[in-house]
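Note sheet for the following structure.
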Amino acid sequence: MSTLPNLSFFGKKVLVTAGPTYEKLDPVRFIGNYSSGKMGYAIAELFADMGAEVTLISGPVNITISHPNVKVVKIESALEMFNTCTQLFSAIDIAIMSAAVADYRPEHYSETKIKKQEESLTIHLVKNPDILKTLGLQKRENQILIGFALENHNELENAKVKLISKNADAIVLNTLNDAGAGFQHDTNQITIILKNGAIFEFPLKTKKEVAKDIAACVLKLL
């Protein structure tokens, strides 16, 4: 699927999320994950190269992008990403949710640094809003919504459940069990499940090549 026609997405408005979210405990500590943002940034750049007007909502990452067709909106927390996505989604044609968003956040934020005093510390977490599910509920017939699933157990079954429960048009599945795939790597190995039941499995590739496979699947949904 790596050969794509040029400017296939000209005139389309595309929303891409990338990277992790940081959920603050105090001014110096947070709960986060190992996402580098490389996959989301590769997707954003490819769609921009193909003519789309891209808005990239990025969590804290150590990479940059400079493309005239890409507008970067930097956020830190899951709530900030949720608010930004829901505000922009109505004007979007294609949304690709590749960020690794924290499922939970600390219930309380300490304005001062938490001191090491007791032998143990209990942190109560509360659930963050489900961005993909919320957008799935808002989705119009002419919008395309792509979700990501990172799994390490019953991978395909869990991805199929996510596809239906979130009202997505496709799920991009990758697994922690595949060497060279997932967080921090320059490569990824994915399976794409479409809402019509079609399943496409791909070998390990660079994330730039993976972005092409994702774009080719999106073209099937237009």
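Each reported figure results from applying straightforward, stated rules to the coordinates on display, with no laboratory input. Keep in mind the model is a prediction, meaning the values are calculated, not measured. Cβ sites come from the backbone with ideal geometry, for glycine too, and all protein chains shown count toward neighbours.
Quick note on the chain: its Rg to Rh ratio, both from C-alpha atoms and Rh being the Kirkwood radius, is 0.98. Of the residues R105, R140, R29, the one with the fewest other Cβ atoms within 10 Å heads the list, and the complete ranking is R140, R29, R105. Counting every other Cβ atom within 10 Å of each residue's Cβ, D169, D49 order from fewest to most as D49, D169. At an R0 of 25 angstrom, the distance between the Cβ atoms of Q87 and L121 translates into a FRET efficiency of 0.10.
Report, in listed order, any pair from K24/K113; K38/K205; K74/K116; K38/K127; K38/K133 with a Cα-Cα distance greater than 21 Å.
Working: K24/K113 11 Å; K38/K205 13 Å; K74/K116 32 Å; K38/K127 26 Å; K38/K133 23 Å.
Violating the 21 Å limit, Cα to Cα: K74/K116; K38/K127; K38/K133.
About the Cα centre of the chain, what is the dipole size in debye to 20, counting +1 per Lys and Arg Cβ and -1 per Asp and Glu Cβ, all else neutral? Show your work: numbers first, answer last.
On the way: 24 positive and 24 negative charges, 73 e Å.
Value, rounded to 20: 360 debye.
Counting Lys and Arg as +1 and Asp and Glu as -1 over every other residue whose Cβ lies under 12 Å from the Cβ of H108, the net charge comes to -2.
The Rg/Rh ratio of region 164-222, with Rg taken over Cα atoms and Rh as the Kirkwood radius over Cα pairs, comes to 0.98.
For region 37-137, a Kirkwood radius taken over Cα pairs fed into Stokes-Einstein (25 °C, viscosity 0.890 mPa s) yields D = 157 µm²/s. Projected onto the charge dipole of the chain (+1 at Lys/Arg Cβ, -1 at Asp/Glu Cβ, origin at the Cα centre), which of A102, N6, G197 gives the Cα projection farthest towards the positive end? It is N6.
In percent, what relative contact order does the chain have, based on Cα pairs under 8 Å that are 6 or more apart in sequence? Write down the numbers at each step before the final one.
Working: 471 pairs, mean separation 44.8, N = 222.
Worked out over the chain, it gives 20 percent.
Among DSSP bridges having both ends in the chain, what percentage is antiparallel? Round to the nearest 5. Can you show the working numbers first?
Numbers: 15 of 41 bridges.
Rounded to the nearest five, the antiparallel share is 35 percent.
Given a cut-off of 23 Å, name the pairs among K71/K166; K139/K195; K71/K212 whose C-alpha atoms lie farther apart than that in the structure shown.
Numbers: K71/K166 26 Å; K139/K195 14 Å; K71/K212 20 Å.
Pairs exceeding the cut-off: K71/K166.
Out of every Cα-Cα pair that region 116-222 contains, those further apart than 23 angstrom amount to 37 percent.
Think of region 35-95 as having a plus end and a minus end, set by charges on the Cβ of Lys, Arg, Asp and Glu; of V73, N62, A52, N62 sits farthest toward the positive end of this dipole.
This ranking places L222, L25 by how few other beta-carbon atoms lie within 10 Å of each, fewest first, which gives L222, L25.
Mind ordering 107-113, 125-131, 34-40, 74-80 by average Cβ neighbours within 10 Å, highest first? Before the final figure, lay out each step's value.
Numbers: 107-113: 10.0, 125-131: 15.3, 34-40: 22.7, 74-80: 18.3.
My ranking of the peptides, most packed first, is 34-40, 74-80, 125-131, 107-113.
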